[in-house]
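The values are calculated or read from the model by the stated rules, or taken from the named source; none is laboratory data. Remember, it's a predicted structure, so these values are computed and weren't measured experimentally. Neighbour counts run over all protein chains shown; Cβ positions are idealised from the backbone, glycine included. Areas reflect the complete protein model, heavy atoms only, side chains present, ligands, DNA and RNA absent. Shrake-Rupley method; radii C 1.70, N 1.55, O 1.52, S 1.80 Å.
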Amino acid sequence: MWWISSFEPMMNGYVRFKRFGRTVTHARSVFAARNVGRYQSSKTENSQDGNPLLKYLTMKIKATGPITVAEYMREVLTNPLKLIGIWCVSEWISGGKSKSLNLVELGPGRGSLMGDILRVFNQFQYLLNTCDISIHLVEVSPKLSEIQALNLTKKSTEPKDEDTSSCYKIGITKTGLPINWYYHIQDVPSGYTFYIAHEFFDALPIHKLQKIQDEWREILIDVDPEIPQKLRFVLGSSCSLIAKTFVQADEKRNHVEVCPEAAIIIQKLANQLKKYGGAALIADYGHSGDKEDTFRGFRSHQLHNVLLDPGTADLTADVDFNFLKMMTGNSVSSFGPITQHEFLRNMGINLRLKVLMENAKDDTMQTHLMQSYDVLMNPDKMGKRFKFFSIFPCDRLEQTSKNKYPLAGFTELEMS
């Protein structure tokens, strides 16, 4: 009978699972903590002790009632959001197990991603109990911050008048960690930090620039003089200051989208990582400086004219990862962007799928698993369009090139 008594990180980037005084060495995949069940025989399939995901699902069902098959599949197959939590744990180990860690999320939405990360942290509490962890959310919407607090905390309050910190809300997470809210990333305290930005940069405001006879002119929005209350795109009359500031002399495209706010944020992250250490993981729709017009609107999950009925659709533009990389200069090292297909493959999704398919009880479940896998990995779906990009202090790149600490998600982990 197989069972896991400990999870021990090794210096070569692998983990050692101990059982009955013997050891089994396996690649430190982001699935390691969730896949311990695959080392167990069928006699222990119903045991929760060795399967953190089963324990989590059981507690969730008991607390909120039965879940749909679709929700179960999202949790079991990959749960990409949970993978980010395990990515953080892996990088914390590789970075030398800092005694303190600021976990910062930019634009946390309803708090779902942070909730998944915190559950992963709780599963790795025996590793992280030596680290003083605090959570920091950068959120400009008071309404969303209330939803986040409801989902993540036991109780949240406004800081007291005598509190000199720059946060506007404080609380304790359901797993017992301090959590703070900020309007601006500049207000987040310095220190060893992991920055997470999941579908954050694609919502930042962009400037659209068009090259006309070797001169960059900005695309503006004006009222159509022939149709009242209708908006239209027009060209500015002179060379744009934005173009002079951000467009490189060797730019080959005739149409570019520039995001000054993204430049400010990524430079802030780079400076903090260079000085204090840590990592930043950016997951978003984007490209490597080769696309032109990506500005689009979505309403009810359908494409929507960006100038029609303003305020009724979500506006977005693909992230130019080459621009982000350029804005960091030589202050930090960068990895990616790589496709979601590559990232999840490096994380071990193919092995995970194989195990789930072998344990699927009927053809219907196997079909559902393959359909979910296809959505995540197919280049014509999420597999190619969604990208992962990361920045680190420069010495992290040296570690990876020497294969001392494989970089989870960006380095293909070998199985042995």
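Odds and ends about this structure:
- Each principal axis of the Cα atoms in the range 324-374 has its own extent, and those three values, largest first, are 53, 16, 9 angstrom.
- Label point at residue 296 placed 7 Å out along Cα→Cβ; residues across the range 216-238 whose backbone nitrogen lies under 20 Å: 233
- Site pair residue 355 and residue 378 shows an inter-label distance of 2.6 nm when each label is modelled 7 Å from Cα along Cα→Cβ.
- Net charge dipole size for the range 204-299 [Lys, Arg +1 and Asp, Glu -1 on Cβ; Debye, nearest 20]: 380
- Taking all protein chains as shown and a probe of 1.4 angstrom, residue 193 keeps an accessible surface of around 0 Å².
- Note on the range 219-330: antiparallel DSSP beta bridges, both residues inside, total approximately 85 percent of the bridges counted.
- Computed over the Cα atoms of the range 158-260, the ratio of the radius of gyration to the Kirkwood radius (Rg/Rh) comes to 1.18.
- Note on the range 79-135: with charges restricted to the Cβ of Lys and Arg (+1) and Asp and Glu (-1), its dipole about the Cα centre is near 80 debye.
- Protection proxy ranking of 294-301, 280-287, 118-125, 223-230, by the mean of other Cβ atoms within 10 Å over each peptide's residues and highest first, is 280-287, 118-125, 294-301, 223-230.
- Relative contact order for the range 275-340: 34 percent, from Cα pairs under 8 Å spaced at least 6 residues apart, divided by residue count.
- Only protein heavy atoms count here; on that basis, with a 1.4 Å probe, residue 61 has an accessible area of about 70 Å².
- Here the calculated FRET efficiency for residue 150 and residue 276, from their Cβ-Cβ distance with R0 = 30 Å, stands at 0.45, rounded to the nearest 0.05.
- Neighbourhood net charge (9 Å Cβ-Cβ; Lys/Arg +1, Asp/Glu -1) for residue 172: +3
- Taking 26 Å as the limit for the C-alpha separation, the pairs 244/381; 325/354; 174/274; 62/82; 354/387; 208/268 exceed it in the case of 244/381; 325/354; 174/274.
- Positive-end residue of 390, 377, 367, charge dipole of the range 349-394 with Cβ unit charges: 390
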